[in-house]
Amino acid sequence: MNKRLIDVCKLKENIITIEPDATIKDAVYHLNKHKIGCLIVMENTNIIGIISERDILSKLGTTDVKDEIHTTKISEIMTPKENLVVGHPEDTVEYLMNVMNEKKIRHIPLVSDEGKLVCLTSIRDIIRILLKDSKAKVKYLSDYVQGKY
């Protein structure tokens, strides 16, 4: 299977973003509202980082949650652009799955050659694609064995 992620991105909804001066409370609100695990941090039309559940828990696990959730800005705890692992729209599902596994991450923004955000993919998206492909193969082989051509 050599499915490209750009094909998957066409099926996804809008990417949820947040501004760097938003607070942890704002981020948690959006994560819960949209039932997602991370937000892309944008300044104008530029990606400047990513904030994940893990980033938030790492910060809140070492502080007084009651105070920090209202005052800590996303820009203080996000994974900054220079540390971001990004993919390209032409990358294959298998390639990005291997990158996610190796880097122990669950989300990868896909960025165009011009540096613009195209899509955000998650390990859940990858699993969904692989599962769908596996089911199709099982059906094909089952039909073949049963002579249903």
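The values are calculated or read from the model by the stated rules, or taken from the named source; none is laboratory data. Worth saying up front: this structure is predicted, and the values here are computed from it rather than measured. We place every Cβ from the backbone using ideal geometry, glycine too, and count neighbours over all the protein chains shown.
Entry remark, region 31-41: residues being part of a helix (DSSP H, G or I) and under 17 Å from T121 (Cα atoms) number 2 in total.
Of all the residues in region 13-27, those that are at pLDDT below 95 and in a helix (DSSP H, G or I) number 2.
Per the listing I108, I129, the residue uniquely surrounded by 15 or more Cβ atoms within 10 Å (Cβ to Cβ), of a type in the set (V, I, T) and either under 13 Å from the mean Cα position of the chain (by Cα) or not in a helix (DSSP H, G or I) (or both) is I108. Checking each residue in region 118-134 for being modelled with pLDDT under 85 and either among the polar types (S, T, N, Q) or in contact with a Gly (Cβ under 7 Å, 6 or more places away or on another chain) (or both) picks out only S134. Just one of the numbered conditions (1) surrounded by 13 or more Cβ atoms within 10 Å (Cβ to Cβ); (2) closer than 18 Å to E19 by Cβ; (3) out of contact with any strand residue (DSSP E or B) (no Cβ under 6 Å at 6 or more places or on another chain) is not true of N44; which one? Unmet for N44, out of (1) surrounded by 13 or more Cβ atoms within 10 Å (Cβ to Cβ); (2) closer than 18 Å to E19 by Cβ; (3) out of contact with any strand residue (DSSP E or B) (no Cβ under 6 Å at 6 or more places or on another chain): (1).
Close Cβ contacts (under 9 Å, 6 or more residues apart or on different chains) running from residues in region 70-96 that are within 28 Å of I24 (Cβ to Cβ) and surrounded by 15 or more Cβ atoms within 10 Å (Cβ to Cβ) to residues that are at pLDDT 90 or above and among the hydroxyl-bearing types (S, T, Y) comprise T72/T23; K73/T23; I74/T23; M78/S52; T79/S52; V85/T79; G87/Y95. Checking each residue in region 55-79 for being closer than 15 Å to H107 by Cβ and either outside any helix (DSSP H, G or I) or touching a Lys or Arg at 6+ places or on another chain (Cβ under 8 Å) (or both) picks out M78, T79.
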